[in-house]
2 protein chains.
Amino acid sequence: MKEEIMDVALKRGFLIPSNEAYGQVSGFYDYGSVGAPMKRKIEDAWRKSFIWRDGNLEVETVMILPEIVLKASGHVGHFGDPLVGCEKCKKKFRADTLVADAIGEKAGEGGQGEHVKRLKEHLARLPGMNPEELTEKMRELGIGCPECGGGFGEVGWFNLMFKTNIGPVEGNPGYARPETAQGIFLAFPRVFRAHGSRLPLGIGQIGKSFRNEISPRQGLIRLREFTQMELEYFFNPESALHPRFGEVEGRKVRVLTREAQVSGSDEAQEFTAKELVEKKIAPNQIMAYFLARETEFYESLGVPSGDFRFRHMLKEETPHYSGGNFDLEVSTSYGWVETIGTAYRTDFDLSSHAKTSGQDLSVFIEEEKKKIIPHVVEPSFGVDRLFWAVLEKCYRSGGGAEGRDWSWFDFPPRIAPFGCAVLPLMKKDGLKEYAEGLVRALREEGVNALFDVSGSIGKRYARQDEIGTPYCVTADYESLEKGTVTVRFRNDGKQVRVPAGELPARLREFAKAGKVTA
Amino acid sequence: MKEEIMDVALKRGFLIPSNEAYGQVSGFYDYGSVGAPMKRKIEDAWRKSFIWRDGNLEVETVMILPEIVLKASGHVGHFGDPLVGCEKCKKKFRADTLVADAIGEKAGEGGQGEHVKRLKEHLARLPGMNPEELTEKMRELGIGCPECGGGFGEVGWFNLMFKTNIGPVEGNPGYARPETAQGIFLAFPRVFRAHGSRLPLGIGQIGKSFRNEISPRQGLIRLREFTQMELEYFFNPESALHPRFGEVEGRKVRVLTREAQVSGSDEAQEFTAKELVEKKIAPNQIMAYFLARETEFYESLGVPSGDFRFRHMLKEETPHYSGGNFDLEVSTSYGWVETIGTAYRTDFDLSSHAKTSGQDLSVFIEEEKKKIIPHVVEPSFGVDRLFWAVLEKCYRSGGGAEGRDWSWFDFPPRIAPFGCAVLPLMKKDGLKEYAEGLVRALREEGVNALFDVSGSIGKRYARQDEIGTPYCVTADYESLEKGTVTVRFRNDGKQVRVPAGELPARLREFAKAGKVTA
């Protein structure tokens, strides 16, 4: 499945191997002319849901950070993987993965499957095992190089940040940020003051982050350069309530609880957001609020609710300061893949920056007449993994109920790469010019419409289905006479005639209804 | 002026010094909660004008590039500045700037002003003067350290790219891209094939680029991390025509010609786009088309046409392969600042990548039955400089005709940070809840509306003027009775009452008219 989807994604302009003429460097993908507008629409959908809807605010902070910032955040010291090199072929590997694989093999895997394997990997990754211990463990397990069978040297530590130097004087190290969050924490004091100095306050941003992975192999799942959509929701821990919780309290959320995991189960259970709070599964109402909103958001993007779950991370998997982490995992052809991490970071980041910088980052709470360091719940979305999940979930291979011999994508209209395609039935008799007028008018109205004149109309319909364009607007001879055009819906091939002047409004209406109606 | 605007921009949430708690590293700014949405609207406006309108396509390519790409593009070899260090205080300086300043001082500047100074700087920067020659020149002019008066050592060469290493094995250098363009060139073959293999084809992208400036000092004008909006327009040089040239041929464009510059003049002349072609000032129709569209675009963002010009760069200032470059320069409080470069890059980039990679990057022209390397005209916009220009041009200091004692911004509504503000007259009597309903409905309709309940209504109006919010929607007791609200226009303070349900449509209408009407 993953090979088929990647093949389609490359062929149809969703993705491009970066710097392809030179042979792609692993861990880097470009978004092509079809993928880039879809990615942007996913980002816009997030902005509307997670920024605008709740009156949160958006910032855009820089990607190259001086070392001190990442020392305070813990990334310089702890953001890395144990690395080991083969003494024969010189290839480098992640030591923890080698150990986890070896343990898995020895255990014969039993019937517990991937989940337990991943847990072991997580455990192996914990600070509990330092490079020395991993070196010993590798010797104990007799692990040899998977490529050439050679022996391994000592395990070292590899920091996963891209390092550089800022300015012409050496000794001013900087790093490409490993997450967008730190920029938000440092921007917090000014944003807080510019907006009435009140809590709660949500500040988000969409942007690139970077991780210099050791040997990334899994397409969009493990990239060295990727896009995050992160929201830091700052609140007074004395009242960890969300003002709009009432809107989602009945919303069902699928959770793989800690209890289930410990007992070896892989089954998610359904809870309402309200139950998550009452049963104390979520650390507070704000966390439950976001899990509910994330569920709504994923469903609206075409990821069915049965295909994802929130895994409550075990205490041992989370940092000491964490008040609780939930990973939204989607079932994909790569297995369960974490695509959102929602973390109760408490006051860790602001406190660390206050301590390291010597600045007072506390805020004054008018009602309580005291200063506090706000707490933070952070939903952190990986755009590329979500993009991939949408591709997988919306893919329809040919030969289905529609009797098509081409594969197509059932993207929700609001994130489809193009809002519609405009197709003149023929190039001649003024049809092309008429259709050009239509496409201009649509673009003026904010619809990113494609225009296509080449090939038979049937071929052009198929081509649009293949990239998931929800509507094909065709200009024919009746258009010239009566000013009406046909609109064909991707999913069922049904067509209706509508007056050309009403197109933008009718397309919006169709998109809401999920079908075309007379 | 620049200090006043920067002060206002920082205070009101447009800009934030990056990592402020640690002391800002020069050359880095964040966009705050007011600036970020405005920046995004400027980018969206560009997307609509330069991508959608003409049926061009958009991609998103990676920022970290392997060295070979930037060797082919010439950046590894040539993208740098001559650097010299003081032997006493160890500070580093750009040698060419020191030389240009010294020449300027010696010449007493005459009456020729900044333009000639900049020309000299340009000339000093040309490959004509290598580090050895600059070293000699500095000695000849007796240049000492401007900070401590100490003597200088030899001039060296400093590459302006941020360098890093890709992966755990040393010796795989990568760089943060110095421009977005190279990613587009490398994506070209796949985008071309995915869209019917036809020329002309415009491919653009919006994204961050990076230059490790030696000692950047000029606010948003010289950043180490900045955003570009670049379009590469690929065409067959046998027919360098733009299909929509007819729409702009009468558009006036202000050009500072090469002749004027050589004769020492600083006066721009007006030409129609058609005249630029006929008089062979523009190298082709495509270049003239873009200069006309750029003029339209800037005017629509609130930069008056009298405040910018296209400087036709002198032959000596452009690379050997260039078919002609025009810099759009805006008159700002920093002097004339280049904010767009429009370059006829001929086939240089594709040819270089073909040569270095050994791949065939030519395309087959059906009509001529031959293979060619397409030529390219590239309009390259600097978003941050444009953002700054908009701030300067739209700033209205208090005490004007409106009799205000607060300063405000006259942003065109479509790029104002917030589409409107919703203000309940009072917090009590259900007015707050009514206004909350309004703000939700507006956000659903795609208006990024602010909500503000704190302080007197007059204070809140002033606060919105200060960040350039075009409309204030106020809910009062009549709203509760009759379902109507007042809409106040920023520029003149005039108010009209409109039914709440018609708000989104009426706001769009007001934005088009540039005022509020009953």
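The values are calculated or read from the model by the stated rules, or taken from the named source; none is laboratory data. Given the structure is predicted, the values throughout are model-derived calculations rather than measurements. Cβ atoms come from the backbone with ideal geometry, glycine included; neighbour counts cover every protein chain shown. For accessibility, only protein heavy atoms count, side chains too; no ligands or nucleic acids. Shrake-Rupley method; radii C 1.70, N 1.55, O 1.52, S 1.80 Å.
Between chain A and chain B, the total buried accessible area stands at approximately 6700 Å², from heavy atoms with a 1.4 Å probe. Per residue, the accessible area of the protein assembly as shown comes to 39 Å² when a 1.4 Å probe rolls over the protein heavy atoms.
Between the C-alpha center of region B:325-350 and that of region A:1-79 there is a gap of 29 Å.
Note on region A:134-194 and region A:286-308: Cα centroid distance 31 Å, given to the nearest whole angstrom.
Copy-to-copy label distances for A:E140, where each label lies 7 Å from Cα along Cα-to-Cβ, are 7.3 nm in order of increasing length. Take each residue in B:31-42, count the other chain C-beta atoms within 10 Å of its C-beta, and the mean is 6.
Within 10 Å of the Cβ of each residue in B:166-178, the mean number of Cβ atoms contributed by other protein chains is 4.
Dividing the helix sum by the residues of chain A, where each DSSP H run of 4 or more adds -39500 (n - 2.57), gives a mean residue ellipticity at 222 nm of -10000 deg cm²/dmol. Per-residue Karplus couplings for region B:491-502, computed as 6.51 cos²θ - 1.76 cosθ + 1.60 with θ equal to phi - 60°, are listed in order as 6, 10, x, 5, 10, 10, 9, 9, x, 4, x, 8 Hz, Gly and Pro entered as x. In the structure displayed, which of A:K71/A:K370; A:K48/B:K482; A:K252/A:K280; B:K48/B:K512; A:K48/B:K494 lie more than 19 Å apart, Cα to Cα? Pairs exceeding the cut-off: A:K71/A:K370; A:K48/B:K482; A:K48/B:K494. If the chain linking A:W157 and A:S454 were pulled fully straight, counting 0.36 nm for each residue of separation and taking away their Cα-Cα distance, it would gain 101.3 nm. Annotation: aspartates and glutamates with alpha-carbon distance below 15 angstrom to B:K393 (same-chain offsets under eight excluded): B:E3, B:E4, B:E299, B:D307, B:E329, B:D384, B:D410, B:E466. Taking all Cα pairs closer than 8 Å and separated by 6 or more residues, the relative contact order of chain B comes to 12 percent. A Förster radius of 25 Å combined with the Cβ-Cβ distance from B:E133 to B:Y321 puts the calculated FRET efficiency at roughly 0.55. A protection proxy built from the mean count of other Cβ atoms within 10 Å ranks the segments A:422-433, A:28-39, most packed first, as A:28-39, A:422-433.
Translational diffusion of chain B was estimated from the Stokes-Einstein equation, with Rh taken as the Kirkwood radius over Cα pairs; at 37 °C and 0.692 mPa s the coefficient is 128 µm²/s. Estimated from the Cβ-Cβ distance and a Förster radius of 45 angstrom, the FRET efficiency linking A:E238 and A:S265 is about 0.80. The residues neighbouring B:F234, those whose beta-carbon lies less than 15 Å from its own, together hold a net charge of -3 under the Lys/Arg +1, Asp/Glu -1 convention. For region B:378-393, putting each phi into the Karplus relation 6.51 cos²θ - 1.76 cosθ + 1.60 with θ = phi - 60° gives couplings of 10, x, 10, 9, x, 5, 5, 5, 5, 4, 5, 4, 5, 4, 5, 6 Hz, in residue order, rounded to whole numbers and with x for Gly and Pro. With a 10 Å cut-off around each Cβ of B:197-205, the average count of Cβ atoms from other chains is 1. Shortest first, A:E502 label-point distances to identical copies amount to 2.2 nm, with the label point at 7 Å from Cα along Cα→Cβ. Among the trypsin sites (Lys or Arg not before Pro) found in region B:455-518, those both in a DSSP coil and sparsely packed, with 14 or fewer other Cβ atoms within 10 Å of their Cβ, are B:K494, B:K515. Here is the short version for chain B: B:C394, B:C420, B:C472 have no other Cys C-beta closer than 4.7 Å. Here the protein assembly as shown has 49 percent of its accessible surface on carbon and sulfur atoms, given a 1.4 Å probe and all protein chains in place. Other residues lying with their Cβ under 14 Å from the Cβ of A:L199 contribute a combined charge of -3, Lys and Arg counting +1, Asp and Glu -1.
Just so you know, the Rg over Rh for region B:169-238 is 1.11, from Cα atoms, with Rh as the Kirkwood radius. What number, in percent, do you get for the relative contact order of region A:429-518 if the mean sequence gap of Cα pairs under 8 Å and at least 6 apart is divided by its residue count? Relative CO of region A:429-518 lands at 21 percent.
With Cα atoms as the point set, the radius of gyration and Dmax of region B:360-518 evaluate to 22.0, 77 Å. The residues packed around B:L186, meaning those with a beta-carbon under 12 Å from its beta-carbon, carry a net charge of -2 if Lys and Arg are +1 and Asp and Glu are -1. Values of log10 I(q)/I(0) for the protein assembly as shown across q = 0.06 Å⁻¹ run -0.48, by the Debye formula with one identical scatterer at each alpha carbon and no solvent. Chain A residue nearest by beta-carbon to the axis mapping A to B, with distance in Å: A:T164, 2. Remark: label point of A:S265 defined 7 Å out from Cα along the Cα-Cβ vector; separations to the same position in other copies 8.5 nm, ascending. For region A:299-396, the spread of Cα positions along the three principal axes, ordered from largest to smallest, is 58, 29, 23 Å.
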